[in-house]
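The values are calculated or read from the model by the stated rules, or taken from the named source; none is laboratory data. Because the structure is predicted, anything quoted here is derived from the model rather than measured. Cβ placement follows ideal geometry from the backbone for every residue including glycine, while neighbour counts extend to all protein chains displayed. What goes into the accessible areas is simple: the full protein's heavy atoms, side chains included, and nothing from ligands, DNA or RNA. Shrake-Rupley method; radii C 1.70, N 1.55, O 1.52, S 1.80 Å.
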Amino acid sequence: MAELKNEQFNELEQFIDSMSSTKGELIRVLHKAQEIFGYLPKEVQKFVAKKLHVSTAKVFGVVSFYSFFTMTPRGEHNIAICLGTACYVRGAEKVLDAFKRELNINTGETTKDGKFSITGVRCVGACGLAPVVMVGEKVYGRVTPDMVKDILEEYKD
Amino acid sequence: MSNYSMHILVCGGTGCKSANSDKIIENLEKHLAAQNMTDQVQILKTGCFGFCEKGPIVKILPDNTFYVQVQPEDAQELIEEHIVKGRKVERLLYEDPETNKRISDSQKMDFYKKQIRIALRNCGVIDPDNLDEYIARDGYQAIGKVLTSMTPKEVIEVIKASGLRGRGGGGFPTGLKWQFASQYQNDVKYVVCNADEGDPGAFMDRSILEGDPHSVVEAMTICGYAIGASNGRVYIRAEYPLAIKRLQKAIDDAREYGLLGNDILGSGFNFDIKLTYGAGAFVCGEETSLIHSMEGERGEPTTKPPFPAESGFWGKPTNVNNVETFANVPVIILKGSDWFTKIGTEKSKGTKVFALAGAINNVGLIEVPMGTTLREVIYDIGGGIKGGKKFKAVQTGGPSGGCLTEKDLDTPIDFDNLLAKGSMMGSGGMIVMSEDDCMVAMAKFYLEFSVEESCGKCTPCRVGTRRLLEILELITSGKGKMEHIDELKRLCRVIKDTALCGLGQAAPNPVLSTLEAFEDEYIAHIVDKRCPAGQCKDLLKYYILPDKCIGCTACTRVCPTQAITGERKKPHVIDVEKCIKCGACIEKCRFGAIVKK
Ligand SMILES: Cc1cc2nc3c(=O)[nH]c(=O)nc-3n(C[C@H](O)[C@H](O)[C@H](O)COP(=O)(O)O)c2cc1C
Ligand code: SF4
Ligand code: SF4
Ligand code: FES
């Protein structure tokens, strides 16, 4: 698991200090924090709470409400499978099953070596290419279950 | 666009970008430079053309040649043949599926013939990052007209007279909404643009923001003037990075040109826009939730009244409109309400943008006049059902909507007709389903969505939707009972009547409407333990027809669990114990020897 580094906290602190007012800015700060750390572990939530003078419970309440925020680190390569309606109708579930089987993990989990994680996302706006899978920033369109092995192969080392 | 004799437009929408349209641009530029023609031909990256099915799209002006499924390697030929020699590259032209003729002019394609583009007027036409191009297409003329020659009241009157209704799903008259917001006096008021686009499988708003961000900036400013607000906010999904980038650039550029900020166009009117990012909660599309989320809180809805017009963001008068609603405004101001009311039906004026997807040939983004029939959308524009399958249903309104069937195909689409048919307009997602789609599974899919997205604040929605889902799971796995049907109906009514916000109230719609039209499918699952569409895994078995199997072994190689055995050139068999019903073998078998039942 990636360690939380001091310079990461410094970067977040600078971002918060540069805001003219922090009123109502909790979500914006959490977006930034997740961008810096990759996820929002307890320590980071506590840090944000202290900096913004709100309770940790409130920060947790917001983090847990929004699906964009994650409290567990994602794998080095996150596999985001679109489960929007257009992709579902064109077989996204079978593709998801194939990824789960190949990596032996469930949605929301990360492989033991920390290399891959799987998340389900909703409509990435490329419905014309359904079903769609994104690995990092790269978009794969018209994915079929038998393409799964080859896609993973690209990231094996 | 003046000095160039030709323009090459390349789609830079999310779909085409994913299919490498950036590389196409790069290669086009390279080959254009090799021909020393960079000062005669301009290459533009535009927003979505709508014809996503056949992307990446490249269009050449002035002759309007429309190339489909262009690959980066095609760039050289396009430049050397079309641009240099004036010869069209036949093989990249769209082939009409009926006549098998190549069509070069997009205006002549069935996909575009029945469309009228108002909200999408600039998508696929201009470079969204270039303010001058927006201006060249009459951009910012409406705000000029408003600030120099109209009172706020007159602006509201024009919007009211146009009959424009909210495109975010509710269909509330926009002019009336503006009038309410204008009536509450306060030193601070807000104009909010709802760009949360939560319906999964829909990308209308995203395409407008990516393809024509200035139209939204201009419209919000007009709204600010009309209701007396100086602060604009766009609540936009964090999952839309490209839209965020282009919108932010549009705002910055507009400010630089004096089209935002203090004393806009020397009129003394001040207005500016900031972005707030959503964080992936469907309920935040509901306006009271959205406002709480903008304040940095959990996005839970609250009861209305008070309406945002009275007490919204930070307790100030706030007007919330959807992206597409805004995109219509500048045109209405310029062309007048009379022009707008000529398009559409009696009570629904203008056009509607739909994201057409699912079991249809032409997946894409379309804009049609209100009153167009589903048949026209599905068969003329959408090119019919994929793979020559039979049409079964179309879902509008996403997880809040319902399904429409064969008998509704000739209903003119507008707000009121869709409601009367048990569905709703929604924000514009339109998912087409064929005989291969199981309607019980579809209802289950939408319920899974609603259960996940229920904010949990009220019990009918939190507990009720979960119970609905549990019953649907029993039915699709062959454990359903006939009593379940009545229980579903009863629960649906309770949730509809008692949930606090629109999410909960509408969540039962997919169940109710599929029950209404496809009760026989539910019964087949319950009584015969059979899924007529062959989709529900637990009710299926895969097996090989010995007289069709020639023993080619193609299936054994794809089976992930080694469930298929057999000697080469002899009929194979599937071990039902090992088979996980992934369906891979069926797709590989070229002899139709594998069936599921
Ligand atoms: C659960 C729920 C989700 C909604 N999601 C959206 C959305 O994603 N985008 C949107 O513009 N409106 C959405 N709405 C409608 C908004 O509450 C609101 O009516 C709309 O933004 C007003 O703008 P309009 O009048 O221009 O349509 C949603 C409503 C509900 C109840
Ligand atoms: S209906 Fe559902 S989403 Fe709406 S307030 Fe109740 S629990 Fe929350
Ligand atoms: S459906 Fe999948 S698991 Fe079953 S036999 Fe075919 S390939 Fe193997
Ligand atoms: S539903 Fe998957 S990209 Fe739209």
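Residues that are more than 7 Å from chain B (Cβ to nearest Cβ) and within 16 Å of ligand 4 (Cβ to nearest atom), at least 3 per element: which helices (runs of 4 or more DSSP H) completely within region A:45-103 meet that?
The helices (runs of 4 or more DSSP H) meeting that bar are A:92-103.
Out of everything in region B:95-115 that is closer than 22 Å to B:Pro369 by Cα and hydroxyl-bearing (Ser, Thr, Tyr), what residue ends up being modelled with the lowest pLDDT?
Across region B:95-115, the extreme among qualifying residues is B:Ser106.
Do you know which residues across region A:23-38 are facing chain B (nearest Cβ under 8 Å), of a type outside the set (Lys, Arg) and assigned to a helix (DSSP H, G or I)?
Correct list: A:Leu26, A:Ile27, A:Leu30, A:His31.
Of all the residues that make up region B:319-338, how many are away from ligand 1 (no atom under 11 Å from the Cβ) and either open to solvent by less than 20 Å² (accessible area, probe 1.4 Å) or within 15 Å of B:Lys160 (Cβ to Cβ) (or both)?
Adding up the residues that qualify gives 7.
Within region B:186-195, work out how many residues are of a type outside the set (Val, Ile, Thr), open to solvent by 10 Å² or more (accessible area, probe 1.4 Å) and in contact with a strand residue (DSSP E or B) (Cβ under 7 Å, 6 or more places away or on another chain).
2
Out of curiosity, is B:Ser477 within 26 Å of the chain's Cα centre (by Cα) and not assigned by TED's automatic domain parsing to the domain that holds B:Lys392?
It is false that B:Ser477 is within 26 Å of the chain's Cα centre (by Cα) and not assigned by TED's automatic domain parsing to the domain that holds B:Lys392.
May I ask you to say which residue of B:Asn186, B:Asn130, B:Asn194 is away from ligand 4 (no atom under 16 Å from the Cβ), out of contact with any Leu (no Cβ under 7 Å at 6 or more places or on another chain) and under 30 Å from B:Cys16 (Cβ atoms)?
The match here is B:Asn130.
Given the criterion in a loop (DSSP other than H, G, I, E, B) and either crowded, with 18+ Cβ neighbours inside 10 Å or within 16 Å of ligand 2 (Cβ to nearest atom) (or both), identify the matching residue among B:Ala517, B:Ala533.
The unique qualifying residue is B:Ala533.
If you check every pair at least six apart or on different chains, which have Cβ atoms under 9 Å apart with a residue in region B:108-123 that is over 13 Å from B:Val368 (Cβ atoms) first and a residue that is of a type in the set (Ser, Thr, Tyr) second?
Partner pairs satisfying both residue conditions: B:Met109/B:Tyr94; B:Arg121/B:Ser215; B:Asn122/B:Thr46; B:Asn122/B:Tyr134; B:Asn122/B:Ser215; B:Cys123/B:Thr46; B:Cys123/B:Ser207.
Considering only residues that are polar (S, T, N, Q) and modelled with pLDDT under 85, look in region B:1-19 and name the one that is most open to solvent (accessible area, probe 1.4 Å).
The residue in question is B:Asn3.
Within region B:277-288, count every residue that is touching a Ser or Thr at 6+ places or on another chain (Cβ under 8 Å), facing chain A (nearest Cβ under 10 Å) and on the phi < 0 side of the Ramachandran plot.
5
Out of (1) on the phi < 0 side of the Ramachandran plot; (2) open to solvent by 10 Å² or more (accessible area, probe 1.4 Å), what's the single condition that is false for B:Ala393?
Failed condition: (2).
Applying the selection to region B:20-38, what residues are within 14 Å of chain A (Cβ to nearest Cβ) and surrounded by fewer than 22 Cβ atoms within 10 Å (Cβ to Cβ)?
Within region B:20-38, B:Asn20, B:Asp22, B:Lys23 qualify.
Yes/no per residue for (1) within 16 Å of ligand 2 (Cβ to nearest atom); (2) among the β-branched types (Val, Ile, Thr); (3) in contact with a strand residue (DSSP E or B) (Cβ under 9 Å, 6 or more places away or on another chain); (4) without any contact (Cβ under 8 Å) to a residue 24 or more places away in the chain:
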{"position": "B:Gly364", "(1), (2), (3), (4)": "no, no, yes, no"}
{"position": "B:Val368", "(1), (2), (3), (4)": "no, yes, yes, no"}
{"position": "B:Arg375", "(1), (2), (3), (4)": "no, no, no, no"}
{"position": "B:Gly383", "(1), (2), (3), (4)": "no, no, yes, no"}
{"position": "B:Phe391", "(1), (2), (3), (4)": "no, no, yes, no"}
{"position": "B:Val394", "(1), (2), (3), (4)": "no, yes, yes, no"}
{"position": "B:Asp416", "(1), (2), (3), (4)": "no, no, no, no"}
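For region B:443-512, please list each of the helices (runs of 4 or more DSSP H) lying entirely inside it that holds at least 1 residues being small (Gly, Ala, Ser) and within 28 Å of B:Thr303 (Cα to Cα).
Passing ranges, in order: B:459-476, B:502-506.
For region A:3-16, state whether one or more residues are outside any helix (DSSP H, G or I), more than 27 Å from B:Asp196 (Cα to Cα), more than 10 Å from chain B (Cβ to nearest Cβ) and touching a Phe, Trp or Tyr at 6+ places or on another chain (Cβ under 7 Å).
Yes, some residue in region A:3-16 is outside any helix (DSSP H, G or I), more than 27 Å from B:Asp196 (Cα to Cα), more than 10 Å from chain B (Cβ to nearest Cβ) and touching a Phe, Trp or Tyr at 6+ places or on another chain (Cβ under 7 Å).
Every residue in region B:459-493 that is within 16 Å of ligand 1 (Cβ to nearest atom) and open to solvent by 30 Å² or more (accessible area, probe 1.4 Å), please.
Scanning region B:459-493 gives B:Pro460, B:Arg462.
Could you check, for region B:451-467, whether at least one of its residues is in contact with a Ser or Thr (Cβ under 8 Å, 6 or more places away or on another chain), among the small types (Gly, Ala, Ser) and in the same structural domain as B:Ile381 (by TED's automatic domain parsing)?
no
May I ask you to verify whether A:Ser117 is at the interface with another protein chain (Cβ under 9 Å from one of its Cβ atoms) and either closer than 26 Å to B:Pro56 by Cβ or more than 16 Å from ligand 3 (Cβ to nearest atom) (or both)?
no
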